[in-house]
Amino acid sequence: MTSPESISYINRHILEKIDNFQPGATGIILGSGLGEAITRLDECTELSYSDIPGFPESTVKGHGGKLFYGFMDGTPVMVFSGRFHLYEGYSAAEACTPVRVMGELGIGRIFITNAAGALNPQFDAGDLMLITDHINFTGCSPLSGPNHEKWGVRFPDMSRVYCKELCSTAIEAAKTVSVRLERGVYVQVSGPNLETPAETRMFRTLGADAVGMSTAIEAIAAVHMGIKVMGIACLTNKNLPDCMAETTHEAVIEQAAKSSAAMSALIREIISRQD
Ligand code: HPA
């Protein structure tokens, strides 16, 4: 069970290792195959998830399972490379442990990245998509169970999950670094199976532009804590009902790795624009 007490326990250990931690830091969660996106941090402290007592372990190939803390062009950044998924058997609340850790440490904005299938026929594999809104199609919420008032209210508003200012900054930053940045709605499914053509058709009809197995629940937990959220999906495959190609996890990881440099350049530029 995730609670302020269990997160404080984890954070005591993290802070012991990161003695130069600054609460104003920006937090980043890196998705499948994107582990290389943010590696060049100055004064970097690196911790394996398995060395953090009380922290879950990521079990998926292609998910690094490491926490990095350091400075990007002078700005303090905490990076979670590898996340926890519902399909690994974690509850939604457990899957959001990195968000709760960052919230308790006083991190005020989180950039969430993921690998996703493109539902919008105009989008291509290899494109990045700024998440403007989401559909949580998992059937669960990280806020189920007793509400921790210290973290947020029982019924948090979700009318603007993805911070407008951060979205504008991302759009401007993408132009500066010449990265094509699509915009759209992300639907989170619980996975681990990919979608049937009928499901893909349904998600498109519901208004989604990309589908993946993370992010929406993390964004909900962040908004619950009053943390500003930005989300960028790395579109690794086209997921179109009438010309559906076979999708493998290996191909997803490979495509995400190819987009890592663009993701990294974009995030660096966005961070350089923060005050
Ligand atoms: N569906 C769900 N999750 C994904 C996909 C997809 O097509 N691609 C990458 N993650």
For a quick check, take a GNM of the chain with Cα springs below 10 Å and name the residue from GLU254, GLU172, GLU149 with the largest mean-square fluctuation.
GLU149
Accessible area expressed per residue, the range 4-272, with surrounding protein chains retained (probe 1.4 Å, Å²):
41 Å²
Ignoring ligands, DNA and RNA, what percent of the accessible area of the chain is carbon or sulfur (1.4 Å)?
50 percent
Say a paramagnetic label sat at a point 7 Å from the Cα of LYS258, along Cα to Cβ; which residues of the range 106-143 have their backbone N under 11 Å from it?
125-127
Take the alpha carbon atoms of the range 49-149, find their radius of gyration, then divide it by 2.2 N^0.38 Å using N residues; give the quotient.
1.22
LYS228 - accessible surface, heavy atoms, 1.4 Å probe, Å² rounded to 10
110 Å²
Among GLY70, GLY226, GLY82, which one shows the biggest mean-square fluctuation in a GNM of the chain, springs joining Cα atoms closer than 10 Å?
GLY226
For the full complex of protein chains and a 1.4 angstrom probe, list HIS85, HIS13 by accessible area with the highest value first.
HIS13, HIS85
Using the basic label-point model (7 angstrom from Cα toward the beta carbon), what is the GLN22 to SER178 distance in nanometres?
3.1 nm
Set the bar at 27 Å for Cα to Cα. Now go through LYS17/LYS150; LYS175/LYS228; LYS17/LYS175; LYS66/LYS238; LYS66/LYS164; LYS17/LYS258 and name every pair that lies beyond it.
LYS17/LYS175; LYS66/LYS238; LYS66/LYS164; LYS17/LYS258
Between THR59 and TYR9, the FRET efficiency computed from the C-beta separation at R0 = 30 Å comes out, to the nearest 0.05, as 0.85
Length gain on complete extension for the stretch CYS44 to ARG154, per 0.36 nm per residue less the alpha carbon to alpha carbon distance?
35.9 nm
At the level of C-alpha centres, the distance separating the range 253-275 and the range 73-123, in angstrom, is 15 Å
Solvent accessible area, Å² - ASP157, 1.4 Å probe, full protein context:
110 Å²
Would you kindly find the accessible area of ARG100, with a 1.4 Å probe and non-protein molecules such as ligands, DNA and RNA excluded, rounding to the nearest 10 Å²?
10 Å²
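The values are calculated or read from the model by the stated rules, or taken from the named source; none is laboratory data. Remember, it's a predicted structure, so these values are computed and weren't measured experimentally. When we count neighbours, we look across all protein chains shown, and the Cβ atoms used for this are built from the backbone with ideal geometry, even at glycine. The protein model used for the area step is the full one, side chains on, heavy atoms only, and it has no ligands, DNA or RNA in it. Shrake-Rupley method; radii C 1.70, N 1.55, O 1.52, S 1.80 Å.
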